[in-house]
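Just so you know, all these numbers are worked out from the coordinates, no wet-lab data involved. Because the structure is predicted, anything quoted here is derived from the model rather than measured. When we count neighbours, we look across all protein chains shown, and the Cβ atoms used for this are built from the backbone with ideal geometry, even at glycine.
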Amino acid sequence: MQSNNKLNTCIKMLDKTQKNVHLLPNLVSSETIKNAINSQSKYKNIQVVCKDNITTIVMKRPEKKNALSMEAYKEISDALEEAGKDDSVIAVLTGYGDYFSSGNDLNNALGRIKGNLEDMIKESTNVATFNTPFSKLGQHPEACSSYTFPRIMGLSKAIEVLLFNKTLTAREACNLGLVTEVFPDSTFQQEVWARLKSYATFPKNCLALSKQLVRSVDKEKLHAICKKEMELLAQRANSEDSLNALQQFFSRKSKM
């Protein structure tokens, strides 16, 4: 009880002195408050917590359903680089609140187009779903999904998801191999963190070398595919049909 009271007191003190710091009680203890404060001073869009050889990176833009701005991408990349250099055995990427991430912040691509981002990110907030609305937004597959999705779920299903914007439920995503397991919301935190803490006791170098071995076959190919995807996205970013698709998307959402 004494340690809990100290933690609660510390949290209250932090709330008064640093309004942007919100600690997650199930992720941190009093020993990690200092780490959380330091990460908050370095990052605007994420919070980084280090505990039990686990680096937890929390995407923290709840007002945008944790949409990823270009700045957020850079901060996540920097945090992962740091985690690779410290004593962390594994890194966990999660979202603050009841939403993991609504994906790209469309302000990354909107340019001069005016619209209401909130209209898009409110969609499907009550279901755990997976969606890649590239075509709907006049965009193209990215993050190597043009290669990895067909390999994971087969060509036909990948086309349905990447080209025709099919939304997958969590169970469908699991059945297709996009995620490994689905947990009930009521036991999610308990089950997942028990496993993560167990994984974090494994030898760090052993895990790293085994991971490299598994992924080395496709590494160069993935780099080449990612480069090709990004080149196409850059070429098409200001194309007439892409800009029209974004305008139509926001126009439909504003009428809902």
Next item on the list: Pull out the extension gain between Leu80 and Ile152, defined as 0.36 nm times the separation in residues minus the alpha carbon to alpha carbon distance; nm, one decimal.
Entry: 23.4 nm
Item checked: Estimated FRET transfer efficiency when R0 is 22 angstrom, pair Asp98-Val192 (beta carbons, to 0.05) -> 0.90
Notebook entry, point to check: By its C-alpha gyration tensor, with a ≥ b ≥ c as the square roots of the eigenvalues, how is the range 119-216 shaped: rounded for a/c under 1.5, else prolate for a/b larger than b/c, else oblate?
Noted result: oblate
Check: Based on Cβ point charges of +1 for Lys and Arg and -1 for Asp and Glu, what charge dipole magnitude is obtained for the range 71-111 about its Cα centre, in debye rounded to the nearest 20?
Finding: 160 debye
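State which entries of Lys44/Lys136; Lys136/Lys221; Lys51/Lys219; Lys85/Lys204 exceed 20 angstrom in Cα-Cα distance in the structure shown.
Working: Lys44/Lys136 30 Å; Lys136/Lys221 27 Å; Lys51/Lys219 30 Å; Lys85/Lys204 11 Å.
Pairs exceeding the cut-off: Lys44/Lys136; Lys136/Lys221; Lys51/Lys219.
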Notebook entry, point to check: Where does the charge balance sit around Asp185 when Lys and Arg score +1, Asp and Glu -1, over other residues with C-beta under 15 Å from its C-beta?
Noted result: -2
Check: Using mean Cβ contacts within 10 Å as the protection proxy, how do 164-173, 77-86 order, highest first?
Finding: 164-173, 77-86
Check: Normalised by the residues of the range 124-211, what does the relative contact order come to in percent, with Cα pairs under 8 Å and at least six apart?
Finding: 28 percent
Check: What nm value, rounded to one decimal, do you get for the distance between Ala224 and Cys206 when each label is placed 7 Å out toward the C-beta?
Finding: 3.5 nm
Next item on the list: Provide the FRET efficiency to the nearest 0.05 for the Asp241-Asn107 pair, computing r from the beta carbons and using R0 = 22 Å.
Entry: 0.65
Check: So what J values fall out for the range 167-179 if you push phi through Karplus, 6.51 cos²θ - 1.76 cosθ + 1.60 with θ = phi - 60°, rounded to Hz, Gly and Pro as x?
Finding: 8, 9, 6, 4, 5, 5, 4, 5, 4, 8, x, 6, 10
Note to self: Skipping prolines and chain starts, which residues have an amide H placed within reach, meaning under 5 Å, of the one on Asn104, given they are 5 or more residues away or on another chain?
What the structure shows: Leu68
